[in-house]
């Protein structure tokens, strides 16, 4: 998909610009190590696509998109820690804490979250977004992180004792769905979308995010079953849907979520085309890239 490739190129370029570290600061090095590793960039792509559907060119929404990726990257650094998931390998590299130590990694992650809100506020200001809508965008990103959001989901999974579907789905919603939901909504706000249009974008983002997490479950489960991969991996995350319902049912659930996302934005008319195309790309790329 050319659109996704173009978005990825723009996002990678801007991340490299933002994370350049001429002074050799250790915290900045840790941030760059984590954020510039190979990653899907789906979250910022969703934001750029939502913004472009309402007339904002991708370059004008890049800092908000990178803000979303900063938040995601920060939570990855934190959740990898020995006190939480004790990740040994992340994106074919050592996780940040194993290279820079836990203290530096904690501080790097915290600084990324603060920086993310700086970037978002600057982008909202540069596009002259009205104060009430700007506050809504900030609140959306904060909510995706907060006590009922991503951090809550990490803690809930850490304490998980039973792999019941409804509990796993709630964790997936908090850990992945809400940040995609915020990305789509913020993109719409940057483009001046109306309230009912923002609600459609939120539904789209949440469904795409849940599909992404289920696809991750599928590959994590399959790689865990492959003895040649086992030395490189920890045991399965406690909240793994595929371990409960199987590969085929998980794939079908991911496909259904993408269809629901595409259906949600149909009332947007011609603007829905790019969003539907991006959702299809995310599904296809996710199901194929590791097979």
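Derivation of every value follows stated rules applied to the coordinates shown; laboratory data play no part. Source: prediction; values computed, not measured. Note: ideal-geometry Cβ built from the backbone for every residue, glycine included; neighbour counts use all protein chains shown.
Take the alpha carbon atoms of segment 97-218, find their radius of gyration, then divide it by 2.2 N^0.38 Å using N residues; give the quotient. Before the final figure, lay out the partial values.
Values: Rg = 16.1 Å, N = 122, 2.2 N^0.38 = 13.7 Å.
Cα Rg divided by the expected 2.2 N^0.38 Å: 1.18.
Taking label positions 7 Å along the Cα-Cβ direction at both residue 2 and residue 92, the computed distance is 2.8 nm, reported to one decimal.
Given R0 = 30 Å, the distance between the Cβ atoms of residue 199 and residue 36 translates into a calculated FRET efficiency of 0.30.
Expressed as a whole percent, how much of the Cα-Cα distance distribution for segment 1-154 exceeds 23 Å? Write down the numbers at each step before the final one.
Details: 4412 of 11781 pairs.
The calculated P(r) of segment 1-154 puts 37 percent of pairs beyond 23 Å.
Taking other Cβ atoms within 10 Å as a rough exposure proxy, 186, 167 sort from fewest to most as 167, 186. Taking the average, over residues, of other Cβ atoms within 10 Å as the packing measure, peptides 150-157, 199-206 rank 199-206, 150-157 from highest down. Placing pseudo-labels 7 Å out from each Cα toward the beta carbon at residue 259 and residue 131 gives an inter-label distance of 4.7 nm. Expressed as a fraction of 2.2 N^0.38 Å, the value expected for a compact globular protein of N residues, the C-alpha radius of gyration of segment 2-283 is 0.97. In the chain, the DSSP-assigned H stretches of four residues or longer account for a calculated mean residue ellipticity at 222 nm of -22500 deg cm²/dmol, using -39500 (n - 2.57) per stretch and the full residue count as denominator. Across 185, 255, 266, mean-square fluctuation computed from a Gaussian network of the chain (C-alpha pairs under 10 Å connected) peaks at 266.
Using 0.36 nm per residue and subtracting the Cα-Cα separation, the extra length available between residue 99 and residue 222 on full extension is 41.5 nm. As a length-normalised measure over Cα pairs under 8 Å and 6 or more apart, the relative contact order of the chain settles at 20 percent.
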